[in-house]
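A.B. asks: Handing you a structure now.
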Amino acid sequence: MSGKEIIGLSTIHVGCGVGGTMAMLGRVSLIDKRGQVLYDAFVKPTSTVSSYRTATTGLDASYFVDALPFQEVQVAVAAWLNDRLVVGYQLWLDFQVLGLSHPAYETRDVALYLPFRNALNRPNDLIGLGSLIWLLMRRKIQAEYQDPLENARAALDLYRSEEEQWERYAKVGQWPCALPPPQFSRCYT
């Protein structure tokens, strides 16, 4: 066990730019180790939204009427993450849309955890969170839309199922994870 407080992180993105292909923060959720909500906010778009990605997010313009300003959310999330172990799925995407970085040794990204990939005989594949939680825990998530609270809880449950082993690896310097895509290296300090 690392001794650091654990926090689960997940974000939902809307699209901006041509065809909505550029990710922009739409909602961010933080949970504690027990899955209790610490912070959950819709974020006022900083650019014109060209796609709410409604088919997967369930979001439309009405969710952002009373949304919080991006900078306010960014500062709040940075404060929550400071000096904590951050658990999530594809954390580099969360850090990117938040405009934050975090020490790599204080992240636990279930998308990159090699024992999960090896258990599924797919050591070089990035396996979707829904597939990971189903194949490893026989739990269904994302039945209708992606919910960042549900995603954060799923990632945290996966981490907790291997927490002791994961932390043993980390303690002796045998990092048990693949590297995130190199273009996201700025998301880690």
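The values are calculated or read from the model by the stated rules, or taken from the named source; none is laboratory data. Since the model is a prediction, treat every value here as computed from it, not as a measurement. In this analysis, Cβ positions are derived from the backbone assuming ideal geometry, glycine residues included, and neighbour counts consider all displayed protein chains. Only protein heavy atoms, including side chains, enter the accessible area calculation; ligands, DNA and RNA are left aside. Shrake-Rupley method; radii C 1.70, N 1.55, O 1.52, S 1.80 Å.
A.B. asks: Test A41 against the stated conditions and say whether it is among the aliphatic types (A, V, I, L, M), modelled with pLDDT under 95, part of a strand (DSSP E or B) and within 30 Å of P103 (Cα to Cα).
C.D. replies: Criteria not met by A41.
A.B. asks: Kindly check whether there is at least one residue in the range 155-168 that is open to solvent by less than 80 Å² (accessible area, probe 1.4 Å), in a loop (DSSP other than H, G, I, E, B) and either modelled with pLDDT of 95 or more or closer than 19 Å to I31 by Cβ (or both).
C.D. replies: No; the residues of the range 155-168 include none that is open to solvent by less than 80 Å² (accessible area, probe 1.4 Å), in a loop (DSSP other than H, G, I, E, B) and either modelled with pLDDT of 95 or more or closer than 19 Å to I31 by Cβ (or both).
A.B. asks: Now a separate question. Would you check if there is a residue in the range 7-28 being out of contact with any Ser or Thr (no Cβ under 9 Å at 6 or more places or on another chain) and surrounded by fewer than 17 Cβ atoms within 10 Å (Cβ to Cβ)?
C.D. replies: Looking through the range 7-28, none of the residues is out of contact with any Ser or Thr (no Cβ under 9 Å at 6 or more places or on another chain) and surrounded by fewer than 17 Cβ atoms within 10 Å (Cβ to Cβ).
A.B. asks: Please verify whether Q146 is at pLDDT below 95 and crowded, with 18+ Cβ neighbours inside 10 Å, treating the condition exactly as stated.
C.D. replies: yes
A.B. asks: Which helices (runs of 4 or more DSSP H) does the range 59-141 wholly contain that include 2 or more residues that are within 12 Å of the chain's Cα centre (by Cα)?
C.D. replies: 91-98
A.B. asks: Now, a different point. Test of understanding: among S101, S50, which residue is surrounded by fewer than 20 Cβ atoms within 10 Å (Cβ to Cβ), touching a helix residue (DSSP H, G or I) at 6+ places or on another chain (Cβ under 6 Å) and at pLDDT below 95?
C.D. replies: Values: S101 fails: at pLDDT below 95.
None of the others qualify; the one that does is S50.
A.B. asks: Moving on. Output the number of residues of the range 176-189 satisfying the condition of being in contact (Cβ under 8 Å) with a residue 60 or more places away in the chain and either small (G, A, S) or closer than 16 Å to L85 by Cα (or both).
C.D. replies: Here the count works out to 6.
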